[in-house]
Amino acid sequence: MKEVKCECGHVNPPGTILCEACGLALTEEAQKETLHDMRYEGSARRSQTYNKSIIDKIWNFFSSVKVGIWLIVITLTASSLGTLLPQVMYIPRNVDPATYYSDQYGIFGTLYYILGFHDLYSSWWYLLLIASIGVSLVICSIDRFVPLYRALKNQRVSRHEGFLKRQRLYKRVEATSQTNQDFELVKQRLKEKRYNIREDDGNLLAEKGRFSRWGPYVNHIGLIIFLIGGMLRFVPGMYVDEELWLRDGEIKTIPGTNKQYVLENKKFTMELYDKEKDKQVYGAALDRVGNVVKSFNSDVVLYERSPDTTIGDNDNLTKIKEAVIRVNEPLKFDNYAVYQIDYKLDEFKTMTFNFLKKANEEIKGEVTIDLFDPQEEYDLGKGYKVELLGYYPDFSGFAENGEPQTDSQTPNNPAFLFNMISPEHPDGEKSFTAIRQTLEPLGETEYKMTFKGITTQNATALIVRKDLTLWILGIGGAIFMLGVIQGSYWNHRRIWLQRIKGDVLIAAHTNKNWYGLKREIEMLLKNTTIPEPEDQNDKKSDNNEKIE
Amino acid sequence: MAKKVGKQMKDLVQLSGNLLETAFILYLVATLFFGGGIRENRGRDKNAGPNRWSKIAIFITILGFLSQVGYFILRWIAGGHAPVSNMFEFTTFFGMMLVGAFIIIYFMYKLNTLGIFALVVSMLLIAYASMFPSDISPLIPSLNSHWLYIHVTTAAIGQAILSLSFVAGVIYLLKSIDTEAKGKRSFWLEAIMYTLILAVGFMFVTTAFSVADYKADFNWIDKDGKERVASYAMPALVGPHEGELITQNKLNPKINMPAIIDAKRLNSVIWTLITGTILYWVIRLIFRKRISTLLKPLVKKVNLDLIDEVGYRSVLIGFPVFALGGLIFAMIWAQIAWTRFWGWDPKEVWALITFLFYAAFLHLRLSRGWHGEKSAWLAVIGFAIIMFNLIAVNLVLAGLHSYAA
């Protein structure tokens, strides 16, 4: 293909439909049209010009808005499927998804799981859809932006008659003695309406809001940056997401920080709304729904561990700051943020037992067991001693071989196998003690351990995040918003006033909001001899274009 | 002292409620005046500008809007947080913003017809809102943030402006479709009307049983095998799983649902369908016309190109606002409150779907083939998605946003 030289002398790139400078129709098809398709100014788009190599074909496929729309529609339909049942990240964590979906939702749940819809948004095909939208965004934009930019830059004030005639708003009348005067008046009014005016040989081009034409391309750039930001999350080191449980008074290395930071939870506090103390207007709602949590927060101290101390050594820590972490107010330091996310109230901390003789209920001593740091034996003096043979923090029953089982290391339901040593029984008597349950596995005993008391503590659940992609996403989002506003809230309007062979020609074009343009022209031409242009669309409503 | 302040606050809530009712009545009156404006316009010169009826109508509309703004501000003061934190508050705000969006568009295009339909949809929304408990509720910790009003109000304003394109779309369809002809187009247009009547039916039946103070309790077994109590506010046509009526002298349903189905909600749906359908057929038998035919005179003078542009314009104005409030602000807040900016929660996904849908709409508008009637149908689908996000996602699909119910 070769460059096209127009009769006005301008050299157009191959594939141009309307001359960039004067607007003359360069192809046979364009010459036959009664109205020009002005969406891309009849410029030479790569996708409409080349179709030979495989690259051309791929380019042409993704440059089509129609393909883009299909991708959007498929993506939105697919997205909706993922909301039918909870996604896998929202089901209880300790269950097997395969059985959970079947148990909860029957055959439909099983099918949902088999099809992979339980983790739809991480599935390869969903990511492929998003990636295709990204490719489509890039190619569509480049295919249109470059030629459109050229065409608008190269446009001349004086246009070919045929170009004006094929605008949607157009009128031609004979000039009168007043025409010159009216041109000046209209020019003045156009300036007041903030049009940029260019003149050439008595012809006039008034244009405003051209920058709004770039809006779509700007917002597409924003979206691309956003998508790239989303991809960067998978680069190691860019993203950390860890959970940290801390009991009152506990101090732990913050996961995900390369053991550099240490956090101490001084105290966790949870507060409910109080009908007496809080706003009375909440009374009715509180009566209806019961207790409502007002706030929960952790008083914490952040420490930094110097690089040369050994891990686990909590003695040489540098205190960085004290803070209160609450919902909506994370603790931030060095690209990390620690969020208050959950809590557990009244977790068992210690249990106290009396060591007593069954016969006369005489208490021989008292044993307090720290459920997080149980000792092997507790010496009560005078020959009385308790040995802890077994500790089951989360007792869940006995296995077939009679061995007690524990579900976890969290003391939700502590149970103990004691060996009670007394002067009468120097080898000890065995007793299995759990909450509200005492077993004597090796025969009746003379002594027993009775439950005396329990202390509890609160635990706070925190989430540690580092996300170095956020600023990229922020920039992408901001550019997107600017582009969308630029393209939506302004219009690109052009008005041509020309004198050809003793006639006055007026034509106008806008990229959207034709009603507004017509109203503006009405005001501009008020009390002049220049007629309002006619909407040629009103005559030909059958002028339907196809989407390419 | 505290008692006194408490009483003042209660008075404030009372006053705020009165202002909302006043707004509702003013919208109703304004609707009638807009109707009068259309009647008056017959045989009037096209360029004469709005007639007196229209001027009064828009004045009353603005008065109603201000009254509702008063409701909003007083409730904010009384409750200590922006009143957009539950279904009642959000939906009334949505209705208010639809009126606001209409007022702006009215001054651009001066269309009486748009006023009638926009106000009717707003009133339906506000009436629907009043079906939910209207107590001022205290905020749970995650909602306790300035982002509550920044995110929720912007998202609602965006949705309201987008909804105006639905209003314009319905007007377009009423004008362009021959409602008496048989066929898909007239059928679906009538289906829209039927759906709106169903909404009225829901409010009618809810209010009726609420006034009658109907209450029937059932013992039932949930899907985990736990025993629970369900409290029905409407006579139970379908009972819960292994339901057992424990209130005396109330309707005992013939069928019970399996545990996986929320029988109480299904029961409301059945009552809504019954009442709405009866209402629909009563109207049809009285007027002996389809509802879409009945509304035809209202749209007689509508210029199709103009109303098409109003619809497109609404999407153009509303789309950036929605993107900002429903996605960008939403992501910023989610990053602060929920530790991640995006988590594929149903509400988030449906906000994304809304965004993608209107993005597709805007791209389709690039071709003339999708102007006019096709655009109008798309606007109807868009509104259906917004309503789905408002109603179904909050009430049916469980997720992080379910507190709103």
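Given the DSSP H assignment, sum -39500 (n - 2.57) over each helix run of at least 4 residues in the protein assembly as shown and divide by its residue total; what's the result at 222 nm in deg cm²/dmol, nearest 500?
-15000 deg cm²/dmol
Using 7 Å Cα-to-Cβ label points, what is the B:Arg39/A:Asn412 separation (nm, one decimal)?
Here the modelled spin labels are 7.0 nm apart.
What FRET efficiency would be calculated for the residue pair A:Phe211, A:Asp119, taking the C-beta separation as r and a Förster radius of 41 Å, to the nearest 0.05?
Taking R0 as 41 Å, the efficiency between A:Phe211 and A:Asp119 is 0.40.
Measure nothing but the geometry: give the 0 to 90° angle between the long axis through the Cα atoms of A:124-154 and the longest principal axis through the Cα atoms of chain A, rounded to 10°.
30 degrees
For peptide A:72-83, compute the average count of partner chain beta-carbon atoms within 10 Å of each residue's beta-carbon.
Mean number of neighbouring Cβ atoms from other chains: 5.
Compute the semi-axes of the equivalent ellipsoid of region A:169-325, taking the square root of 5 times each eigenvalue of the Cα gyration tensor, and list them largest first in whole Å. It would help to have the intermediate numbers written out before the result.
On the way: eigenvalues 940, 183, 43 Å².
Ellipsoid semi-axes (Å, largest first): 69, 30, 15.
Can you compute the modelled spin-label distance between A:Glu304 and A:Leu111, with each label point 7 Å from Cα toward Cβ, in nm?
Going by the 7 Å Cα→Cβ label model, 5.8 nm.
Write down the radius of gyration of chain B and its Dmax, each obtained from C-alpha positions, in Å.
22.4, 72
Count, for each residue of B:320-332, the Cβ atoms from other chains sitting within 10 Å of its Cβ, then give me the mean as a whole number.
Mean shielding count: 3.
Could you pull out the GluC sites (Glu not before Pro) across region A:266-368 that fall in loop regions by DSSP (anything but H, G, I, E, B) with no more than 13 other Cβ atoms inside 10 Å? If you can, show how the numbers build up before the last one.
Numbers: sites: A:Glu271, A:Glu276, A:Glu304, A:Glu322, A:Glu347, A:Glu361, A:Glu362, A:Glu366; in loops: A:Glu276, A:Glu361, A:Glu362.
Answer in residue order: A:Glu276, A:Glu361, A:Glu362.
For A:Lys501 and A:Arg39 in one chain, what is 0.36 nm times their gap in residues minus the Cα-Cα distance, to one decimal in nm?
Full extension of this stretch gives 163.4 nm more.
In a Debye calculation with equal point scatterers on the alpha-carbon sites of region B:341-386 and no solvent, what is log10 I(q)/I(0) at q = 0.31 Å⁻¹?
-1.09
Using only the Cα atoms of chain A, construct the convex hull and provide its projected area averaged over every direction, in square nanometres to one decimal.
One quarter of the hull surface, i.e. the mean projection, equals 44.3 nm².
Convert 25 °C to kelvin, take the viscosity as 0.890 mPa s, use the Kirkwood radius over C-alpha pairs of region A:361-455 as Rh, and evaluate the Stokes-Einstein diffusion coefficient in µm²/s, rounded to a whole number.
177 µm²/s
Report the gain in length on full extension from B:Glu21 to B:His146: 0.36 nm times residue separation, minus Cα-Cα distance, nm rounded to one decimal.
Fully extending the segment from B:Glu21 to B:His146 adds 42.2 nm.
Please list, ordered by chain and number, the residues whose modelled amide H lies under 5 Å from the amide H of A:Ile500; skip anything fewer than 5 residues away on the same chain.
Residues meeting the criterion, in which the H sits 1.01 Å from N, are A:Leu505.
Other chains' Cβ within 10 Å of B:138-148 residues: what's the mean?
Taking all residues of B:138-148 together, the mean is 5.
Rg over Rh of the protein assembly as shown, using C-alpha atoms and the Kirkwood radius, what does it come to? Walk me through the intermediate numbers first.
Details: Rg = 35.7 Å, Rh = 33.5 Å.
Ratio of gyration radius to Kirkwood radius: 1.06.
Mind scanning A:Lys526/B:Lys110; A:Lys153/B:Lys110; A:Lys349/A:Lys385; A:Lys518/B:Lys175; A:Lys32/B:Lys296 and naming the pairs with a C-alpha gap bigger than 32 Å?
Too far apart for the 32 Å limit: A:Lys153/B:Lys110; A:Lys32/B:Lys296.
For region A:1-140, what is the per residue volume of the convex hull drawn over the alpha-carbon atoms, in cubic angstrom?
Hull volume over Cα atoms, normalised by residue count, gives 151 Å³.
What FRET efficiency would be calculated for the residue pair A:Glu377, A:Glu400, taking the C-beta separation as r and a Förster radius of 41 Å, to the nearest 0.05?
Efficiency, from the Cβ-Cβ distance: 0.85.
For region B:181-289, just run the numbers: alpha carbon Rg, then divide by 2.2 N^0.38 Å, N being how many residues it has.
1.31
Can you give the longest run of chain B that contains no trypsin sites (Lys or Arg not before Pro) sitting in a DSSP loop with at most 10 other Cβ atoms inside 10 Å?
B:43-181
Along the Cα→Cβ direction, 7 angstrom out, place labels at A:Arg288 and A:Asp200. What is the inter-label distance in nm?
6.9 nm
Report the calculated FRET efficiency for A:Lys357 and A:Thr269 (r = Cβ-Cβ distance, R0 = 41 Å), to the nearest 0.05.
On the way: r = 43 Å, r/R0 = 1.06.
Computed FRET efficiency for A:Lys357 and A:Thr269 comes out at 0.40.
Quick note: the coordinates plus some simple rules give every number you see, no bench work behind them. As the structure is a computational prediction, the values presented were derived from the model and not from experiment. Don't worry about glycine lacking a Cβ; one is built from the backbone with ideal geometry, like all the others, and counts go over all protein chains shown.
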